[in-house]
Each structure stands twice: as C-alpha cells, then as structure tokens.
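I have placed the structure first, in the form of structure tokens, so that the comments after it can refer back to it.
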Amino acid sequence: MIDQDFLLTHSVLATPGGNAEPSATYLRALLENSPIPIIVLDAHHRFTMCNPAFEKLFQYTPKQLASEDIDALIASPEMSEHASQLTRAVLQGAKVHTVAQRRRRDGLTIDVEIYGIPLIVDGELAGVYGIYQDVTERNRAQQAFRAISDQLENLQQEERRRLARDLHDSTSQELAVLNWNLARLSKLIDDQGEPQTQLKALVHETREIASQCSARIRSAAYLLHPPLLGKGGLALAVPWMVEGFEERSGIHVHLKMSDGLGRFADEAEIAIYRVLQEGLANVLRHSGSAEANVTLRHTEAWLELEICDHGDSPTRHLLLEAYRSRSGVGISGMRERLERLGGCLTIDCSAAETILRAAVPVRS
C-alpha cells in the first residue's frame, strides 16, 4: 500500500517550496479539518485514509474501510454497477462528477454528490481522492418544489379551463343576446318608415362594439384554454393559433408539421402549445421580422418545436440575455415547463436569425 505521506506530499494541493514534510502536514490538516467528507485511495482503489467528516457521513471507522472494498461497503447491490463504472473511470485518469445514492453503515440510503479526482504523479496514477457531499435534504427539497410546481401548474390549467368556459358560456352568450336585441331594435327603427339617421347610426355602432367584444372574448377564451387542443390535439390547435397570430400581428407564419401528428399526453401537448404561444409573442415583441417559420415534428421519441425569425429589431438581444441569465418570466416559464417533463429549451441568436427550439420526450 502506498504511504499516506507520499500521497499527501505529491498531491496537487501540496504547498510550493520543495519541503515535503511541511507540505504533508499542511495537507493532512486541511483534509482532517475539512467539513466535506474526503477519502483517499491508492492506485489499486484500496483505502489509504479519510477525514472525520467521511467517517461521520458513512459511519465506518478507518479500520473497517481498510478491511473491504470501498464500493462494496457503501454501494448496495443495485448501485454496485454504477459505482464500479465510476471507479474504472477514475482509475483510468478521468475526473468524474455525479450525483448518486450510497449506503451508510446503518443501512440508510442517502443521496450524495461525488467528485472522483485521480492523483497523477510523474505521469503515473498514484491514488484517488473521493469527495462526497450529502445532498439528500437538497434533493428532497427539489422534489417537493417540483411537486408543488406541478400542482400549481395543474391548478392554473384548471383555472384557465374554468375562465375559458365562463367567458364562452356566459359573457359571450350575453353579448350575443345583446347583439340580437340591437338587431331587433334596428329593424323596429326601419319599420317606422322614418329616416331617424342618427338613431340608426348609434344602433349600428353599438352592434359593432358588441361584435368586437364577442370576438375578443372568444379569442381570450381560446388562448386561456383552446378547446381545439382538447378535441383534436396539436394538429388542430397549432394551425388555429398561427392563423390567429397572423391576423392580429400582420406577421406571416410559414407552418410545417409532421404528417399524421397524432395525440400525445396532455402535459406534453400543453407544454408545446404554451411555448409556441410565448415564442410567437416574442417574435412580435422582439423580432421586427415580417415573417416567421414554425416547425412541429414528431421523431421516434421526441416532440420538437422550432420557431425561427429573421428580424433585426434592437431588442432582439433581450431574448437571448433572458435565456442565458435564466431570467424573464416568459423564458423561465417555458424552460421550467419543459424541464418538468424531461424536455429542454434552447435559443440561438445570430446576426441573421433567432431560433427557439423546444423538445419534450413522448411515447410513440
């Protein structure tokens, strides 16, 4: 077994000056007083030393750690293959970083962030440092946050459905009755046989306002929760959204979709639909382009959306900055929605074009 002082003296952390003994003493004190669990193994993956933080985390003494292979001690049978892969990689000179599960002496399984660092001396592997950080509570907090986010997303979708239904079934219907009554009033004026130009103009203007309100309410209801998405999926909802966007913005959209797109899980369809909605809004706000290209395709395992524009608006850079800094409500909302489903969002911005790409995994 390689001597501990050899590893400590020749470590990349050793102090300069060529005085081996102070260097070894310095590094030993550094390791032993570190609050981060650290274990040192030799070139054959045998135990050399560990610090008190490692003993506390895994509840093994140095003597126990030296008596058996480290992977066998802290990796349960279902984790052993993954642990062996990491070991082989580090012994071959690779630096590894991963989050995995390991087992304490009391049998409790914990989540740990692992750094495996090979110690190369004169071109040869002299040993390995293993740095472990207990992230069990962090992961639990993240899982709880994701669960709450999913619950909030579901509540938002239900609220959108309710608002859309209320707008369509009540307010929109009431406006339709108002419009019908105005039509009857207009007919009564005509039946009087007298010009009454001003009154007829007022009725006509009021009917126009009622019609515009009805159209806007229908549009708002569809945007909140498009009924076409529930009835026919993205194959029906996407062309409808693109057509409405063209009418409202004056931007021509070239739409290309995979043939026989079919239906997918509600969460995937809603995610892609909302990304398209936000992406087109960004084209209007930040592009300055007179047209845009939208591509929706279904590969073997992914549902992919691409929005491309060729604008040169001075505010185009804001979109890329929001993406890189993970700021901005719209960009963050799109990214989080996709990542919750195992998907991803990317934005590429060049002098010639801006391309937004979104993808979610789907089952064929």
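General remarks:
- Condition check for GLY328: at pLDDT 90 or above and surrounded by 14 or more Cβ atoms within 10 Å (Cβ to Cβ): no
- The residues in the range 332-349 that are under 13 Å from LEU276 (Cα atoms) and either of a type in the set (D, E, K, R) or not in a strand (DSSP E or B) (or both) can be counted, and the count is 5.
- ASP111 vs. criteria assigned to a strand (DSSP E or B), assigned by TED's automatic domain parsing to the domain that holds ILE36 and of a type in the set (Asp, Glu): yes
- If only residues of the range 172-215 that are surrounded by 13 or more Cβ atoms within 10 Å (Cβ to Cβ) and closer than 30 Å to ILE272 by Cα are counted, the one that is modelled with the highest pLDDT is CYS213.
- Boolean, THR295 is at pLDDT 90 or above, among the hydroxyl-bearing types (Ser, Thr, Tyr) and assigned by TED's automatic domain parsing to the domain that holds ILE251: yes
- The condition of being farther than 23 Å from GLY342 by Cβ and surrounded by fewer than 21 Cβ atoms within 10 Å (Cβ to Cβ) holds for only one of ALA235, ALA281, ALA301, ALA292, that being ALA281.
- Answer residue from the range 57-96, given it is within 35 Å of the chain's Cα centre (by Cα) and charged (D, E, K, R) and is surrounded by the most Cβ atoms within 10 Å (Cβ to Cβ) among those: ASP71
- The helices (runs of 4 or more DSSP H) located wholly in the range 28-80 that include 1 or more residues which are touching a helix residue (DSSP H, G or I) at 6+ places or on another chain (Cβ under 6 Å) and in contact (Cβ under 8 Å) with a residue 12 or more places away in the chain occupy 52-58, 70-74.
- Looking across the range 337-364, the residues that are farther than 19 Å from THR299 by Cα, crowded, with 19+ Cβ neighbours inside 10 Å and over 8 Å from the mean Cα position of the chain (by Cα) come down to ILE347, THR354.
The values are calculated or read from the model by the stated rules, or taken from the named source; none is laboratory data. All of these numbers come straight from a predicted model, not from anything done at the bench. Don't worry about glycine lacking a Cβ; one is built from the backbone with ideal geometry, like all the others, and counts go over all protein chains shown.
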